[in-house]
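No value in this document is a laboratory result; all are computed from the given coordinates. Worth saying up front: this structure is predicted, and the values here are computed from it rather than measured. Using ideal geometry, Cβ is built from the backbone for each residue, glycine included, and neighbour counts are taken over all protein chains shown.
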Number of protein chains: 4
Amino acid sequence: MLKKICFVIGSRANYSSIKSVMTAVKSDRKFSFQLVLSTSSVLQRYGDVSNLIQNDGFSIDEKIFNLIEGETPLTMAKSTGLCLIELSSVFSRLKPDLVFAVGDRFEVMAVVLAASYMNIPIAHTMGGEVTGTIDESIRHAITKFSHIHFPATKEAAERIRKLGENKDNIFYVGCPRIDYVKEVLSKKRIYNKNILSQGVGIKFDINKPFIILSYHPVTTEFEKIDVQTRQILDCVNTLDIPTIILWPNADAGSSKIAKLFRVYRENKLLKKAHFYKNLPTDLYINLLDKCLCIVGNSSSGIREGNYLGVPCVNIGSRQNSRERGCNVINVPFEKKKIINAIKFQIKNGKYKEGKLYGDGTASQKIISVLKNVSSIKIQKQITY
Amino acid sequence: MLKKICFVIGSRANYSSIKSVMTAVKSDRKFSFQLVLSTSSVLQRYGDVSNLIQNDGFSIDEKIFNLIEGETPLTMAKSTGLCLIELSSVFSRLKPDLVFAVGDRFEVMAVVLAASYMNIPIAHTMGGEVTGTIDESIRHAITKFSHIHFPATKEAAERIRKLGENKDNIFYVGCPRIDYVKEVLSKKRIYNKNILSQGVGIKFDINKPFIILSYHPVTTEFEKIDVQTRQILDCVNTLDIPTIILWPNADAGSSKIAKLFRVYRENKLLKKAHFYKNLPTDLYINLLDKCLCIVGNSSSGIREGNYLGVPCVNIGSRQNSRERGCNVINVPFEKKKIINAIKFQIKNGKYKEGKLYGDGTASQKIISVLKNVSSIKIQKQITY
Amino acid sequence: MLKKICFVIGSRANYSSIKSVMTAVKSDRKFSFQLVLSTSSVLQRYGDVSNLIQNDGFSIDEKIFNLIEGETPLTMAKSTGLCLIELSSVFSRLKPDLVFAVGDRFEVMAVVLAASYMNIPIAHTMGGEVTGTIDESIRHAITKFSHIHFPATKEAAERIRKLGENKDNIFYVGCPRIDYVKEVLSKKRIYNKNILSQGVGIKFDINKPFIILSYHPVTTEFEKIDVQTRQILDCVNTLDIPTIILWPNADAGSSKIAKLFRVYRENKLLKKAHFYKNLPTDLYINLLDKCLCIVGNSSSGIREGNYLGVPCVNIGSRQNSRERGCNVINVPFEKKKIINAIKFQIKNGKYKEGKLYGDGTASQKIISVLKNVSSIKIQKQITY
Amino acid sequence: MLKKICFVIGSRANYSSIKSVMTAVKSDRKFSFQLVLSTSSVLQRYGDVSNLIQNDGFSIDEKIFNLIEGETPLTMAKSTGLCLIELSSVFSRLKPDLVFAVGDRFEVMAVVLAASYMNIPIAHTMGGEVTGTIDESIRHAITKFSHIHFPATKEAAERIRKLGENKDNIFYVGCPRIDYVKEVLSKKRIYNKNILSQGVGIKFDINKPFIILSYHPVTTEFEKIDVQTRQILDCVNTLDIPTIILWPNADAGSSKIAKLFRVYRENKLLKKAHFYKNLPTDLYINLLDKCLCIVGNSSSGIREGNYLGVPCVNIGSRQNSRERGCNVINVPFEKKKIINAIKFQIKNGKYKEGKLYGDGTASQKIISVLKNVSSIKIQKQITY
């Protein structure tokens, strides 16, 4: 029987994606909870997620420092290699019975290689989806290494089956991120003024309408990032609506984006922008629920956006072909089209809430599956 | 247009699998040839393949020393991480237009991650096949990172298509190993006595009937390796037929096998065995063609065996479900069944030659495809 | 004879310390010039020294990305390990006849271990000095691995001899940094307004009196860095004199300092400060020569300060016991004492120029030594 | 007060050198014992020291797999880099109050850099001695990083003082290896026949006279190793006296030696040799005490040899200038001189026992020092 369940978190986004499952595993005495942090999740520069995680009551078994400075395709590869070296030592010590691979970020390949080469079974959440950037390749490769699949949508479940995975190991449970949104919404909404004032930029007034910009690099378009970032920031400037801008993740190209954020900010080119590295997830969800529109290329507008009915303007190729509800408008990197789409969405207002990415019961379903697993065949074989 | 074509070789087997393509690329002035060696291919302990490669006229751009001693699942993971760290520096310097990923060995994941994270297109040979051991997961994951596919069989080509790869990028060409077999057979057969006497064990007489044993670890059955190796060596002993035993590859578990080889040898338990670490590939092919039967779990008996019509007894799960011709008998790790199968095959003698893994024209076809590629879209997307 | 001379630069400070020697080697046809960049010198966050170096006409053989994010004692150790792994591959390719180890920064240990383990002779500049922080241990350890010593002061030369080095291999040449200062002073002084306006903070007026603050972490006092940084920034605030603040180096603790710099700046606590990550060295020297006083714990106030006669207030233990001229006042981390010392120095004005760290002919002397070396005995032995 | 005392063992020789101190620390309730194994000590190929250590009753906190195959100067550097990366993670978890750096092997630099960069105090045993090979540089560099010194001889203690270390931190205690010899001799001598028969080669008869050959690479003479090894093996052959040959350590060049050992053995060129990878230390000491002469370049003949009065023929530069008693004859790599010296020593027979390297009370003295340390100043400073 599965006993020691190990979670490896590499970033803030990763944490949001699996938190509800972590909580469920931790509070169930049948399981022994193991937690390893790596990559950007241990770094202050990316908002010190490790503090946040400890404050949420999770104890951390090991922190891995493996992010090599540079934020280029080269250092992304190297950071993954270093993570693999360190993580294999950690697995050797913790001896987990099952490792959770969450999503499709570059460092998750290190988790999956360390575990599979060491004959440790892998459970994968959020597999089977379709997007752009290098994540698209990573996600499907992870599927080919994983033993239990917990896709977030029905389409994703079907795609995993088509990829040659045994249907007995595919469990459509919905997205654990939605569990967390549901939980947050069930509580009283508190907009922690202290935290809201900690960002950099204009004084932010929670009671006035605002937009959220969440924008990350597309590693496979590394050379275009400067131009694309300028375009998107020019739109923010033109719109002249208070805008919360979130810090980019640690993918190759991230420092290019961050640098332009700083240039624009320090040259006063963004009159109504407020920058955050470090929004607690519950606060973020409340802000998302309240905003006029979420703009950029984060999956959040598509996933949580669907559940909340938040208008979303999705720019460029990063979320290419990801399943989406009617709350999303796709636009290319063209200033005019971006602005028109945002204006349309603001005018339109909130959409009907959807359940494309689940109904908030993913973690329960996952726990139930784990409890019924008697043993996992470590040797995989494609079904066709 | 593709110009700089980079090959990364990790082992002796890897080299045999791609040599004909290397020769074709090197001799075509349209291309610029790049060669990187890593993992076991640079080590004397595994038969100093780098010498062999240089003697074959290839110049080596870089040698990577990344194999961490131990030969356990842990060190297999770590060696891959170190390979990724070093290889990304090498790619950063060589700036290839295309990298060849060959087969499905553990270190090939480092090739594929370094290239894909750095936006370098990947061509994959021998994808789409089905086997056991960790190679099964690695092979399909590599497919999900690769841009051009050169499968060795029609079934494999179809499987790659089912995995969601665009059929315009799948080229059924046959196995480049068969090209090499064909080339060797077209020459006068020379059994280099000097080399034949270099192995360890009984004096080997090429003019008497003999068996070949080629046997590698199944990493996903790491704990059973000792028992399985003993079983197989006991069969060799019982049969009492002169046997060429080849050294295992660098997978986790290899040192367990090597240790038992030594124990049996030094305790004189194998009266008619001759051990080789270092058979030149052309000599190996000639011996394969001449032997009574090839025994073990190498793919060689299945691939080249089919082309040559050599009787093959395939033991255990390593080649599970790999496509095979009628020259192959599958048996589990049971002494009696192994011995019976070998006796049956010897009695039966040579089979009709087959073309399951190609007709020896793979490299020509690959070159022809490469010449017609105008550009490669670095961003992949699953077809369904 | 020595032919291929390899320089490994790890930081901006490193570059300033060896630039005059690099220029001399590069322009002498007897030598073949090799250059490798590593650690903070390849990173934008530390002012993109690689650009600067290329603009100065040096071609770069290899860039090593090895700085692991975190800036803690842990990541300082890891970054050194990664540098050692990558640098040994680079040396294996470049095959230098001599490697220059410059100064005493943490990553220089990687240079020295890679070279010495690979039997490549090492020349060391700026050895034999005494200071605080981990540099003190590193510097003397480097001496014990080095084959030719080029100390900057007579005392340092004597100390190297006492450390058991053969006196035939010790050449007192002065500090190559002073060569560079001399060269810059010999040219017309240009204060590039474009660059001066690129920093962050108040508008900086070159024609009004100003102070320079150059302050780095003491790794052996890692826990006290926050308190010490606050103290020093409070002094800047109290003094109310325009102050150029330079970015800290990449030692453990650097991000703590940088964070406080940002906090003070964004909370408008430093009314007259201007921050630079990226001052070209020639501009820095001109500013140093012109400033009222240099404050902090950089060696620059002691070395170049002595040559220029610039008043210097040296705070804390980082430069403990380093040889210094009368231009330097030492103070502990006490606000009142720091302020008094600065006021005293401003009132006092410029000091007489000194030659404690050489007269600007170090690089000539080094070249002359290198030309006369016929061979270097790779095996060292202590003299007593 | 010092509480958590951490030992990092990298090889079999390392273990013998510190075992008596480990036993003393482990059995004292004032201390908390921590043990980390790395490099060759975790590998079967080098005689599986980790098993031996566990059988001796020590529990292992962490095993580090960092030895990169190749056994060249390049891989020696890389293995050290990898050890530094892994060891810093281990220290971060174990948080020792003091780390023991033992001797002068290449991987000990990783111990010393990890500890010193992370502000963990270092105690060094066997510092201040003089020898050849890269160990000479490493040993003195370690002294410059260490906080407490436990030299094995008076001369070594004096040399450490001359190196600028504070005499209050230098404690002449003798060599802990002698403690172990004393302990073994105090017990009944048992020559485990089972183990004695486990080596490879001739049947070994403990009751007949025999020689011991213990021979390791000199890394700084990497190119000469083949020639030197042949010379030494030819002597063994000529002498025609039963000879116990011990396996070389993991230094660069070791595989060259091992390869020649195999070539000679498999070509029956050593009629009376018996090879051991894996002699338990107590058995080794008994054999040393009993042998006609110890030949080669191991320090054992000089250290333990002096205490036991065993005749020793020390060949080549590896032990250059190491303090020695009258039991040692030094010879260059010349067959005639080696043979003459061995014959002379055999004729001469046992020498008077000496106390040059201590009287077997080193560990007691070390424990007593550790108990009296109230605190260690982490910042070092040279005394002159």
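What percent do you get for the relative contact order of segment C:185-348 when only Cα pairs under 8 Å and 6+ apart count?
25 percent
When only alpha carbons are used to place a centre, segment C:245-284 and segment A:1-74 end up 32 Å from one another. Anything over 22 Å Cα to Cα? Flag those among D:Lys30/D:Lys162; A:Lys63/D:Lys144; B:Lys187/B:Lys290; D:Lys154/D:Lys352; A:Lys30/A:Lys188, in the order listed. Violating the 22 Å Cα-Cα cut-off are D:Lys30/D:Lys162; A:Lys63/D:Lys144; A:Lys30/A:Lys188. Mean partner shielding of peptide A:112-125, defined as the number of other chain Cβ atoms within 10 Å of each residue Cβ, is 5. Charging the Cβ of each Asp and Glu at -1 and of each Lys and Arg at +1, and nothing else, the dipole of chain A about its Cα centre rounds to 780 debye.
Work out the P(r) tail for segment A:185-348: percent of alpha carbon pairs separated by more than 28 Å, whole number. Walk me through the numbers before you get to the answer.
Numbers: 1854 of 13366 pairs.
In whole percent, the long-distance tail amounts to 14.
Here, the protein assembly as shown is characterised by an Rg to Rh ratio of 0.97, where Rg is the alpha-carbon radius of gyration and Rh the Kirkwood radius. Exposure proxy for A:Cys6, A:Cys312: other Cβ atoms within 10 Å of each Cβ, ordered fewest to most, give A:Cys6, A:Cys312. The antiparallel fraction among DSSP beta bridges confined to chain C stands at about 5%. Computing FRET efficiency as 1/(1 + (r/R0)^6) for A:Arg189 and A:Asn348, where r is the C-beta to C-beta distance and R0 is 22 Å, gives about 0.45.
So, counting K/R as plus one and D/E as minus one, what does the shell of residues with Cβ under 15 Å around D:Pro242 add up to?
Working: positive: D:Lys203, D:Lys208, D:Arg265, D:Lys271, D:Lys272, D:Lys290; negative: D:Asp205, D:Asp240.
Local net charge: +4.
How large is the charge dipole for the protein assembly as shown, taken about the Cα centre, if only the Cβ atoms of Lys, Arg (+1) and Asp, Glu (-1) carry charge, to the nearest 20 debye?
Values: 220 positive and 140 negative charges, 1 e Å.
In total the dipole reaches around 0 debye.
For A:Lys154 and A:Asn55, what is the calculated FRET efficiency with R₀ set at 35 Å and r taken between the beta-carbons, to the nearest 0.05? Working from the Cβ atoms, E equals 0.50. Of all DSSP bridge pairs formed entirely within the protein assembly as shown, close to 5 percent run antiparallel.
Please report the antiparallel percentage of DSSP beta bridges with both residues in segment D:185-348, rounded to the nearest 5. Once the DSSP bridges in segment D:185-348 are tallied, antiparallel ones form about 10 percent.
Once R0 is set to 56 Å, what does the formula 1/(1 + (r/R0)^6) return for the Cβ-Cβ distance between C:Val373 and C:Glu334, expressed as a FRET efficiency to the nearest 0.05? Mind dumping the intermediate values first?
Numbers: r = 49 Å, r/R0 = 0.88.
My answer for the efficiency is 0.70.
Over chain B, all Cα pairs binned in 20 Å intervals from 0 give whole-percent P(r) values of 29, 60, 11, 0, listed from short to long. Using just its DSSP H runs of length 4 or more, each adding -39500 (n - 2.57), the protein assembly as shown gives a mean residue ellipticity at 222 nm of -12500 deg cm²/dmol after division by all residues. A simple charge model with +1 on the Cβ of Lys and Arg, -1 on the Cβ of Asp and Glu and nothing else charged puts the dipole of segment D:185-348 at about 460 debye relative to its Cα centre. Put +1 on the Cβ of each Lys and Arg and -1 on the Cβ of each Asp and Glu in chain A; which of A:Leu82, A:Ile64, A:Ser17 then has its Cα farthest toward the positive end of the dipole? Positive-end residue among those listed: A:Ser17. In a fully extended conformation the segment linking B:Tyr384 and B:Asp359 would gain 5.7 nm over its present Cα-Cα distance, using 0.36 nm per residue. Site pair C:Glu266 and D:Ser197 shows an inter-label distance of 7.6 nm when each label is modelled 7 Å from Cα along Cα→Cβ. Counting, for every residue in B:372-382, the Cβ atoms of other protein chains within 10 Å of its Cβ and taking the mean gives 4.
Within chain C, which DSSP H helices have Cα atoms that stretch 24 Å or more along the helix axis and a mean Kyte-Doolittle hydropathy of at least -0.5? Before the final figure, lay out the partial values.
Values: long enough: C:73-94 (31 Å, 0.83).
Membrane-span-like by this criterion, though nothing is claimed about a membrane: C:73-94.
Cut-off is 10 Å between beta-carbons; in what order do B:Leu196, B:Leu370, C:Leu82 appear when sorted fewest neighbours first? If you can, show how the numbers build up before the last one.
Working: B:Leu196 18, B:Leu370 23, C:Leu82 31.
So the residues, fewest neighbours to most, are B:Leu196, B:Leu370, C:Leu82.
Counting pairs of alpha carbon atoms under 8 Å apart in space and at least six apart in sequence, what relative contact order in percent does chain A give?
On the way: 784 pairs, mean separation 69.6, N = 384.
The value is 18 percent.
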